[in-house]
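Chemist: Starting off with a structure, shown below.
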Amino acid sequence: MYGSHTRSEAHRLLSAGGPVSDVARRLGVSRSTIRAWRDSPGTRIAAGCPVCDSHPLPHNAYAALLGYYLGDGCISRAERQHVLRVACDASLPTIVSDVERAISTVHPTRPVFLVRGPGVVVVSSGWKHWPCLFPQHGPGRKHERPIVLEPWQRDVVADHPGPFLRGLFHSDGCRVRNWATRTVAGERKRYDYPRWQFSNRSDDIHDLCTWALDLVGIAWRRSGRWTTSVSRREAVAELDRLIGMKS
């Protein structure tokens, strides 16, 4: 009957708002067939790959998803596809929803699954092109291999550093309150102040984090072997505004 290219083109035209009659006439397919393709999820064709097929890539959502992937994500091989998984703290439902929304936006024609375990929710979706969008995928742990962005990925992050930082800090980061004591007019007083910390064992990922912080003018420092901190009051306030609280 009809090849996958015809069905894919029909879904593209329908997604762009084309009426069933116009799509049927343009492709030389009956209106009943076009309606069946539109209404039957089993006949839907996955969206084209932005890398392989020059399919549009929603940069804002992708920048966030890239941050989540570098923080707590992985890609594994399944029988006929690859599966992207991002592990989230079960006590932070807003972040779970953010990851789910980012995956759905980047690849809207496939389902997203939530797999719950003790203290964790794994957000996952299958697609054969995930390694195209995340060429940092490879054997072994991320901190045991080089993590270098492709030029097109750097362009995306440079245009959307805020979502990228949200993905990084909301996966491998935390907002804590530090305290210190100081003697003022002979009286010992305690002061506490907030701080963002990003913890990861990959120096390459730390370099990407600090590069993005530089892009938005947020001061940072490496406060430990595996920790990057944002501690200045105005810097913390700006990062709060840019990425929001973890919840």
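Laboratory data are not the source of any read-out in this text; all were calculated from the coordinates shown. Values in this document were obtained by computation on a predicted structure and should not be read as measured data. Heads up, the Cβs are rebuilt from the backbone with ideal geometry, glycines too, and the neighbour counts pull from every protein chain shown.
Chemist: Lone cysteines in the chain, going by a 4.7 Å Cβ-Cβ cut-off?
Modeler: Among the cysteines of the chain, those whose Cβ sits 4.7 Å or more from every other are Cys74, Cys88, Cys132, Cys174, Cys209.
Chemist: From the C-alpha coordinates alone, can you work out the Kirkwood hydrodynamic radius of the range 171-243, in Å?
Modeler: 13.3 Å
Chemist: Moving on. Helix 93-106 against the longest principal axis of the chain: what's the angle in degrees, Cα atoms only, rounded to the nearest 10?
Modeler: So the inclination is approximately 40 degrees.
Chemist: Add -39500 (n - 2.57) for each DSSP H run of 4 or more in the chain, then divide by its residues: what number comes out at 222 nm, to the nearest 500 deg cm²/dmol? Each step should come with its number before you reach the end.
Modeler: On the way: 10 runs with 106 residues, N = 247.
It comes out at -13000 deg cm²/dmol, rounded to the nearest 500.
Chemist: Take the chain, mark every one of the trypsin sites (Lys or Arg not before Pro) that falls in a DSSP loop and has at most 10 other Cβ within 10 Å, then report the longest stretch left between them, sites excluded.
Modeler: Details: sites that count: Arg80, Arg141, Arg225.
In short, 142-224.
Chemist: Sticking with this one: Calculate the spin-label point distance for Ala158 paired with His59, positioning each point 7 Å from the Cα along the beta-carbon direction, and give it in nanometres.
Modeler: Each label point is offset 7 Å from its Cα along the Cβ direction, giving 1.0 nm.
Chemist: May I ask for the angle, rounded to the nearest 10°, between helix 161-172 and the longest principal axis of the chain, with both axes built from Cα atoms and the value confined to 0 to 90°?
Modeler: Compared with the principal axis, the helix lies near 70 degrees.
Chemist: Right, next: Using the Cα centre of the chain as origin and beta-carbon charges of +1 (Lys, Arg) and -1 (Asp, Glu), tell me which of Tyr193, Pro118, Val86 is placed farthest towards the positive end of the dipole.
Modeler: Checked the options; the winner is Pro118.
Chemist: Using Cα-Cα distances under 8 Å and only pairs 6 or more residues apart, what relative contact order does the chain have, in percent?
Modeler: 17 percent
Chemist: Which shape class, rounded, prolate or oblate, goes with the range 59-144 when its Cα gyration tensor gives a ≥ b ≥ c as root eigenvalues, a/c under 1.5 marks rounded, and past that a/b bigger than b/c marks prolate?
Modeler: Verdict is rounded for the range 59-144.
Chemist: Given charges of +1 on the Cβ of Lys and Arg and -1 on the Cβ of Asp and Glu, with all other atoms neutral, how large is the dipole of the chain about its Cα centre, in debye to the nearest 20?
Modeler: 500 debye
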